[in-house]
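Note sheet for the following structure.
Read-outs: derived from the displayed coordinates by stated rules, not from any lab. This is a predicted model, so every value here is computed, not measured. Reconstructed Cβ throughout: ideal geometry from the backbone, glycine too, with neighbour counts over all protein chains shown.
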Amino acid sequence: MAEETEIRTYDPPEEFVRQANVKDASVYDEAEKDYEGFWEERARQLHWFKEWDQVLKWDPPEAQWFVGGKLNVAYNCLDYQVEQGRGDKAALVWESDEPGEGKSYTYSELTAEVSKFANVLKGLGVKKGEPVAIYLPMIPELPIAMLACARIGAPHSVVFGAFSADSLRDRINDCEAKVLVTADEAPRGGRKTPLKKNADEALADTPSIENTVVVRRTGEDVDFTEGRDNWYDELMQEADAECPAEEVDSEDILYILYSSGSTGKPKGIVHTSGGYLTHVKATTSWVLDVKDSDVYWCTADVGWVTGHSYLVYGPLSNGATSLIYEGTPSYPEADRFWDIIERHGVNILYTAPTVIRAFMKGGTEDLEKHDLTSLRLLGTVGEPINPRAWEWYHENVGGGRCPIVDTWWQTETGGIMISPLPGITATKPGMATLPFPGISAGLFDEEGNEIEGPSDSGNLVVKRPWPGMLRTLYKDPARYKETYWEKYGDVYFAGDGARRDEDGYYLITGRVDDVMNISGHRISTAEVESALVGHQAVAESAVIGRQDEDTGQAIVAYVILEGDREGSDELIQELNQQVRRTIGAHARPKEIIFTPDLPKTRSGKIMRRILRGVAEGEQDLGDTSTLADPSVVDDLKAARQ
Ligand code: PRX
């Protein structure tokens, strides 16, 4: 593999190794010899009310971890930390959209707030096992609401704040939540999203909702429905700060998180309690090297899995200080991130390649205004990082001294699966490197054969169960089985393509299904297509993700119009609006191309490879002989001019 031999290798710096949470490479062999025993040892780092009777029950594709064990996830993240002497140390530090504004909660304070909100939820009739929907900005009330759910054993379903009213409605209806926690508005980058207004629209068609709890974030006047809507601050004032943590079963649901799949309907990914917390606590400590003395910053939105696992549950179960930032990287000035790192003395930064590439474009001037020497470790997640961005991050943000952990995982995996261990693994820019101890990854070809040794391509699989794995898709076990466990039998099909080099290192190349990855956000082509055909001018549409140097991939929509409708700039605007209204602003196409026809095979299947080739300006589009009408290709090329 010529490209890879040119890639430099970076050994873990000595200074880092000296203080690393794990530095002995024998952990890999030990975990390999007895992976159940390995995870059992990790589970022992948690607080359990009752120990498990069995580590793993594997009845493919159904896994149960720490069977019979009883614990409480919020207790582990709060009370247990206080018991270990961390009561007065900062658990959450919140930086608002406006520089320098924010607040901070110690572990004791956070325990009290969570207990109060747990009592609020109970007061609204929420019982163990009943899902609660959460649609909030990046404010402390978001982790507080999640932990309050965990405290009473009610699964939470967090809906990312950029999702539209329709998306919120569908997610609420799927899990039949009785309570929605939201806010008046969500400020971000100097702009405000009207969350309560969106929620009101959604709630017009959500029969299960009985109550909402509304956080006053900006104080803006919002409509209020008596008997249904409640102010957060008013309920909290009355609430008792004592709420015993419910003993939940290791396999009780901790949360449902909806994620895009290959069809238009999002999948309700289900995570349970004991195995999930074991996985995220262990990986936060081993991969992100978080110690309780650290100020740790994961920049992901809590509306996505990274925020769940590595802003809330991972760092708090390790007793660290977790920073939560409401705004965007460049508001009000382009140096906002660096300003935050300097002011809060951030030691570990975990962010996305898109963010790094955006900063890289702006040059190093903004960085140079700030002292970033508090940083010890850098991480990336969510999409492939190109070696140039990796090098830039290493040299300019990490001052050449901080290891980078490029972590591959998914909403489904719950926690990090492939990543360097920063005190052990020599890194190569662009490569996620090795499976975490106890994880068995592999590559399969399209025919179902396992590929051994180095390979330029293959479908990434996980060969045995792991504790953080999704347990099912909410109310849809058949889709769970079909999506992940049918292609290769009892082997988990991740939906990603990967390469493997002579050192066994993995490089993830991207999705092999119809899921796009825009700035690390997962969006399915089918969802955008169905939003577009919802517009009366659109007869048919095909959506693809093309490469984009800023956002990794960008959405390109090919649209066939109804009858004699003509394409225009106004129509492009309308279609963008349509997608924004149906899914959310983050799913708007970057390019909309009107075309008289689409490239289809004789059996009517759209050849997306060709659409991608046209969108990326490729001259040679490969074999087009299987097309029902090969002349479509010229039309498409002309339409893009
Ligand atoms: O394609 C992979 C990409 O993100 C997908 C998972 O998206 P999501 O479930 O939203 O979770 C994102 C955060 C874990 C994967 O299927 N992906 C994630 N991490 C990496 C990555 N691609 C390349 N390198 C990574 N480190």
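In a DSSP loop and with at most 14 other Cβ atoms within 10 Å, the trypsin sites (Lys or Arg not before Pro) in the range 308-396 are 369. Among 168, 621, the ranking by other beta carbons within 10 Å of each residue's beta carbon, starting with the fewest, stands as 621, 168. Using a cutoff of 8 angstrom between alpha carbon atoms and counting only pairs six or more residues apart, the relative contact order for the chain works out to 13 percent. Among beta bridges from DSSP that stay inside the chain, the antiparallel ones total about 60%.
How would the range 254-381 be classified by its alpha-carbon gyration tensor: rounded, prolate or oblate, with rounded meaning a/c under 1.5 and the a/b versus b/c comparison settling the rest? Please list the in-between numbers first.
Numbers: a/c = 2.56, a/b = 1.40, b/c = 1.83.
Judged from the Cα gyration tensor, the range 254-381 comes out oblate (a/c at least 1.5, b/c at or above a/b).
Test of understanding: ordering 455, 631, 524 by Cβ neighbours within 10 Å, fewest first, what list do you get?
Values: 455 14, 631 10, 524 25.
With the fewest neighbours first, 455, 631, 524 line up as 631, 455, 524.
Calculated mean residue ellipticity, 222 nm, the chain: -8000 deg cm²/dmol, from DSSP H runs (n ≥ 4) at -39500 (n - 2.57) each, averaged per residue and rounded to 500. Restricting attention to the range 519-640, close to 75% of DSSP beta bridges with both partner residues there are antiparallel.
Ordered from longest to shortest, the equivalent ellipsoid semi-axes for the range 97-227 are 21, 21, 12 Å, each the square root of 5 times a Cα gyration tensor eigenvalue. For the range 97-172, a Kirkwood hydrodynamic radius built from all Cα pairs, placed in the Stokes-Einstein relation at 4 °C and 1.567 mPa s, yields a translational diffusion coefficient of 96 µm²/s. Legend: P(r) of the range 351-510 from all alpha carbon pair distances, 10 Å bins from 0, whole percents, reading 10, 36, 30, 17, 6, 1.
Scan the range 213-248 for trypsin sites (Lys or Arg not before Pro) in coil per DSSP, keeping those whose Cβ has at most 16 other Cβ atoms within 10 Å, and list them by number.
When the trypsin sites (Lys or Arg not before Pro) of the range 213-248 are filtered for loop state and at most 16 Cβ neighbours within 10 Å, 216, 228 remain.
The range 389-426 and the range 305-330 have Cα centres lying 16 Å from one another.
Of the peptides 193-203, 123-133, the ranking by mean beta-carbon count within 10 Å, highest at the top, reads 193-203, 123-133. Taking a ≥ b ≥ c as the square roots of the eigenvalues of the alpha carbon gyration tensor, the chain is rounded, as a/c is under 1.5.
For a 21 Å ceiling on Cα separation, which of these pairs sit above it: 70/291; 369/428; 70/127; 57/267; 33/70? The pairs that break the limit, which is 21 Å between Cα atoms, are 70/291; 369/428; 57/267; 33/70. Judged by the gyration tensor of its Cα atoms, with axes a ≥ b ≥ c, the range 519-640 is oblate; a/c meets the 1.5 cut and b/c is at least as large as a/b.
Sparse packing (at most 13 other Cβ atoms within 10 Å of the Cβ) combined with a DSSP loop state is found for the following GluC sites (Glu not before Pro) in the range 445-510: 446, 447, 452, 486, 502. Of the residues 175, 298, the one with the fewest other Cβ atoms within 10 Å heads the list, and the complete ranking is 175, 298.
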